[in-house]
Amino acid sequence: MQMTFTQQMITIAVVALGTALTRFLPFLVFPAGRPTPAYVQYLGKVLPPAVFGLLVVYCLKDVSVLTGSHGIPELVCIAVVVLLHLWKRQMLLSIAGGTVCYMLLVQNVSFFAK
């Protein structure tokens, strides 16, 4: 089933409005002259590590230490992530480095190939 031209235009308009609203709303709710509320500062502190923790849990949920590679590639890449983060303190670099390491291990090292 295809969308009509009118439906496509309405969809584009709604998406554009939603994007603009999410971009401008914080500036309207928290103007520059007023201090940032304490709960927003708290969320800014705790959410990044919480998201990182959720990412770790999600990535390790299907790892079986009793079969296959026994979780060795995952453990190696966790160590890579930790070392990169301790070295550079850049979350994006840590995540990307761990991802690249994992992909290289499972695709190029025959012992770890699934």
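The values are calculated or read from the model by the stated rules, or taken from the named source; none is laboratory data. Just so it is clear, the model here is predicted, and its values are computed rather than measured. Ligands, DNA and RNA are stripped out before the accessible areas are found, and what is left, the full protein with its side chains, is counted by its heavy atoms. Shrake-Rupley method; radii C 1.70, N 1.55, O 1.52, S 1.80 Å.
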For the range 52-64, Karplus couplings with θ = phi - 60° (6.51, -1.76, 1.60), whole Hz, Gly/Pro x: 4, x, 4, 5, 5, 4, 4, 5, 9, 5, 9, 6, 10
0 to 90° range, to nearest 10: angle between helix 72-88 axis and the chain longest Cα axis: 60 degrees
Per-residue [θ]222 nm for the chain (sum of -39500 (n - 2.57) over DSSP H runs n ≥ 4, rounded to 500): -25000 deg cm²/dmol
For TYR39, solvent-accessible area (1.4 Å; no DNA, RNA or ligand), Å²: 140 Å²
Separation of alpha-carbon centers, the range 56-114 and the range 1-27, rounded to whole Å: 38 Å
Principal axis dimensions, largest first and in whole angstrom, of the range 23-82 by Cα: 57, 19, 17
Debye log10 I(q)/I(0) at q = 0.11 Å⁻¹ for the chain, Cα point scatterers: -0.68
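Over the chain, what percent of the accessible surface lies on carbon and sulfur atoms, probe 1.4 Å?
Of all accessible area on the chain, carbon and sulfur atoms account for 73 percent.
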Mean accessible surface per residue for the chain, computed with a 1.4 Å probe while every protein chain stays in place, in Å²: 82 Å²
